[in-house]
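Readers should treat all values here as calculations from the given coordinates under stated rules, not as data from a laboratory. All of these numbers come straight from a predicted model, not from anything done at the bench. Please note: Cβ atoms are built from the backbone with ideal geometry, for glycine as well, and neighbour counts cover all protein chains shown.
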Amino acid sequence: MENFSRRDFFKLAGTFAAGTILSNFNFARAQAPVIGSREVTSKAAGSKAKVYFTKHIDANHLLKLYEKINEGIYGKVAIKLHTGEAHGPNILPRDMVRTFQSSIPNSNIVETNTMYVGDRDTTEKHRQTLKTNGWTFCPVDIMDEDGTVMLPVRNYIHLPEVSMGSHITNYDSMVVLTHFKGHARGGFGGSLKNIAIGCADGQVGKRMVHGFTKSTAPGMDDWVGSMANGALFMENMADSGKATCDYFGKHIVFINVMRRMSVDCDCAGTSAAEPTIPDLGICASTDILAVDQACIDMVYAHPDRKDLVERIESREGLAQLSAMKKLKMGNEQYQLISID
């Protein structure tokens, strides 16, 4: 009954006009980002989150990791996946995801439309791109196809609420299955980016997170001069990610696949740069901060880190971690537990 009431509350909450939402933005700039650790496993005293790890990137090991963290997953399950622009060379292998999804009862992939004009900015184009990329083995719910819903952010930094695809309230649990890689604006895209941008709807929520107040679709110049950058953008993402984490509570888990880690996101499609760091493995946790921190630490510990680290630091991407810590979204200290 508790979960029904939660869902019913958000369905009844409705949505706000975009102008009202955007007028309430706080564009105060944050402090400089934290410095990345080169230790793979955190050594500080105190409590630690559990992060499970395998160096093998395949369906069998993915399922073994999931079994370590899935105690809170029940009911109708959303698998939040970045399905990518058409023909993207780095998106997660469809066969691996197919096997994984088929093992989770009452589950399907979820996505939202994009803010920028491309292969996925409308539901019609998005569905065609899903077919092009081979995401046809299970239903893919485009969560903002039928509108939006506002989710509150407890103890927010800038955004007291964030507009999400309304279908998010149809799910009891969420599995955040993330291709960990670089990102043009976030520096890196881990579990936080996957839900912070990926659950926000294309026309209102993504504008909130990006700090984009124009009524038009963003043009090339807008990405430089009309949006939140650096630590402010990372804090907006943390607010948005926390809205989703707050909604699902203990019924959300996080898996980061460190495979083909280009400096570019899967939203770059065929223009994404070729990775210069090798595949590292998969991390899984019930703690979003711990799982992103562990992946960052592995990247920083690798001798071929140069290009990816440059992308992360040039965008102040490590501020994602400090923002999640500020919002008490998880524990930066973790115990890395290999299942190999």
Inset, instruction - Normalise the Debye intensity by I(0) for region 244-303, one equal point scatterer per Cα, no solvent, then take log10 at q = 0.13, 0.23 Å⁻¹ and round to two decimals. - result: -0.43, -0.97
Legend entry - Projected-area average for the chain over all orientations - Cα convex hull basis, square nanometres: 15.5
Inset, instruction - For region 205-237 and region 68-88, compute the distance between their C-alpha centroids and round to whole Å. - result: 26
Inset, instruction - Could you check what % of the DSSP bridge pairs in the chain are antiparallel, to the nearest 5? - result: 45
Legend entry - Fewest-first ranking of 291, 110, using other Cβ atoms within 10 Å as the exposure measure: 110, 291
Legend entry - Partners for residue 48 among aspartates and glutamates (Cα-Cα distance below 20 Å; same-chain residues under 8 apart left out): 39, 67, 71, 287, 292, 297, 332
Inset, instruction - Can you tell me the FRET efficiency between residue 339 and residue 220 if r is taken as the Cβ-Cβ distance and R0 is 45 Å, rounded to the nearest 0.05? - result: 0.50
Legend entry - Footprinting exposure proxy for 216, 114, 178 (fewest neighbouring C-beta atoms within 10 Å first): 216, 114, 178
Legend entry - Cα lying deepest toward the dipole's positive end in the chain, options 126, 213, 308, charges on Cβ: 308
Inset, instruction - In whole angstrom, note down how far apart the Cα centers of region 264-340 and region 99-115 are. - result: 22
Legend entry - In region 258-340, trypsin sites (Lys or Arg not before Pro) in a DSSP loop with at most 15 other beta-carbon atoms within 10 Å: 328
Inset, instruction - Would you calculate, for the chain, the mean residue ellipticity at 222 nm contributed by helices, counting each DSSP H stretch of 4 or more residues as -39,500 (n - 2.57) and dividing by all residues, to the nearest 500? - result: -9500 deg cm²/dmol
Legend entry - Ellipsoid equivalent to region 162-286 - semi-axes via the Cα gyration tensor, in Å: 23, 22, 11
Legend entry - Cα-based reach from residue 80 at 15 Å (exclusive), listing aspartates and glutamates while leaving out same-chain residues under 8 positions away: 111, 141, 144, 172, 201, 266
Inset, instruction - Over 28 Å between C-alpha atoms is what I'm after, so list which of 55/206; 181/328; 193/250 land there. - result: 55/206
